[in-house]
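The structure appears right after this line, and notes come after that.
Just so you know, all these numbers are worked out from the coordinates, no wet-lab data involved. Only a predicted model underlies this, so the values are computations on that prediction, with no experimental measurement involved. So basically every Cβ, Gly included, is an ideal-geometry build from the backbone, and we count neighbours across all protein chains shown.
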Amino acid sequence: MATDETIPFKFNPIERKTIVTEITKNLLDYLLSGQVKPGDKIPTERSLSEALGVGRSSLREALKALTVLGLLEVRQGDGTYLKRADSDLLPQVIEWGLLLGEKQTLHLIEAREKIELMLAGMAAERRQENEVLELKQILERMRNSTGNSKEFVEADVAFHLKLAEMANNTVLRDILSSIQALLRAWIRSVIEAAGNAQFSYDEHLPIYLAVEKGDAQAAVEAMASHMNSASSRLKLNLAAAGNESLN
């Protein structure tokens, strides 16, 4: 006869999929079904919550996640629209969109900040002359494209990935590389909201100068300043997206 046994192992609790994840899946199915074309305005938050049979607060989290991922665009005083996603971005948007709600998005922003600080300091300590030259060339691309958001975003992402490569730590490099599509969407969101990328170039310049000199502490401090600015702007965009969806 079978008897109950004590298993000498501590299992991690298994959580059911959150309502936000399920809402995100349904929204992705709808947005990618072809019924909504890029540039089309999507239904209001009230209409979507009624159609899905869910609360507006949970729906708002899912909409925020899709907005920061670059799939949706909030136009102040007008509504929310489906953006034309880049072909290389869409698979990542779908992948991350299934995982992120507002809370998880904020956690990922926080994690990225910590990783970027480590990478900046390590890049300064382990820099090679040829890599510093390549980083300088990327910075020059940023300077020359402050009026072109698309080109600037690509150069901005390249700058951070180059620092990760210079840090010579494959684990940290791969973590940052794995979310580069997400970084691209975040940076685009911040740049487009600001209307110009000059401020971002100005924040990257001291990072480069510190790395060039091999000053790890200065590199970390410069990156911290940039991350504080970028994260604050991104969080404001998230908040604006949530407020706009109420209209």
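General remarks:
- Residue order, fewest to most surrounding Cβ atoms within 10 angstrom, among Met227, Met118: Met118, Met227
- Taken along the Cα-to-beta-carbon direction at a fixed 7 Å, the label points for Lys213 and Glu22 span 5.6 nm.
- Per-residue Karplus couplings for the range 149-155, computed as 6.51 cos²θ - 1.76 cosθ + 1.60 with θ equal to phi - 60°, are listed in order as 4, 5, 5, 5, 4, 5, 5 Hz, Gly and Pro entered as x.
- For Arg188, Arg141, the sequence from fewest to most other C-beta atoms within 10 Å is Arg141, Arg188.
- If the chain linking Leu172 and Arg143 were pulled fully straight, counting 0.36 nm for each residue of separation and taking away their Cα-Cα distance, it would gain 7.8 nm.
- In plain terms, the chain from Asn130 to Ser33 could stretch by 30.2 nm, reckoned as 0.36 nm per residue minus the Cα-Cα distance.
- Filter on Lys64/Lys114; Lys136/Lys162; Lys64/Lys150 - keep pairs with C-alpha separation over 18 Å: Lys64/Lys114; Lys64/Lys150
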